[in-house]
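Have a look at the structure below, then the notes.
Computed from the coordinates by the stated procedures, all read-outs in this text should not be read as laboratory data. This structure is a prediction, so every number in the text was calculated from the model and none was measured. Don't worry about glycine lacking a Cβ; one is built from the backbone with ideal geometry, like all the others, and counts go over all protein chains shown.
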Amino acid sequence: MAQAFVNSKIQPGKVVVFIIPTCPYCRRAQELLSQQPFKQGLLEFINITAHGDTNDIQDYLQQLTGARTVPRVFIGKECIGGCSDLVNMHEKRELLTRLKQIRALQ
């Protein structure tokens, strides 16, 4: 169930972030990404606590990405890591480049 759910959300051309709303790192990732001019529907934040199988989802994220912590940020089909990875990409100006590559921006 968790595997099918996660895999259904990760898509080419889209940025998907698996979050827990009370996590400060998740909020920071949301703030940073929400400042970018995404096309409608190409940025999605998924609250894994709303699905009742939070541990299963985190276990599958561990299998898929090597870490079960949140946020887990996917640009297209690739997991770029968590909040610090996202911030580093942004500071190096790599984030905008990646978002343009997948044509997610307006």
Task: trypsin sites (Lys or Arg not before Pro), loop per DSSP, at most 13 other Cβ atoms within 10 Å - longest free stretch of the chain - done: 1-38
Task: Disulfide-incompatible cysteines by the Cβ rule (no partner under 4.7 Å) in the chain - done: Cys79, Cys83
Task: DSSP beta bridges in the chain [antiparallel fraction, %, rounded to 5] - done: 60
Open item on the list: Nearest 500 deg cm²/dmol is fine: what mean residue ellipticity at 222 nm does the chain get from its DSSP H runs of n ≥ 4 alone, each adding -39,500 (n - 2.57), divided by its residue count?
Closed with: -13000 deg cm²/dmol
Task: Tensor-based shape of the chain (alpha-carbon gyration tensor, a/c under 1.5 rounded, otherwise prolate or oblate) - done: prolate
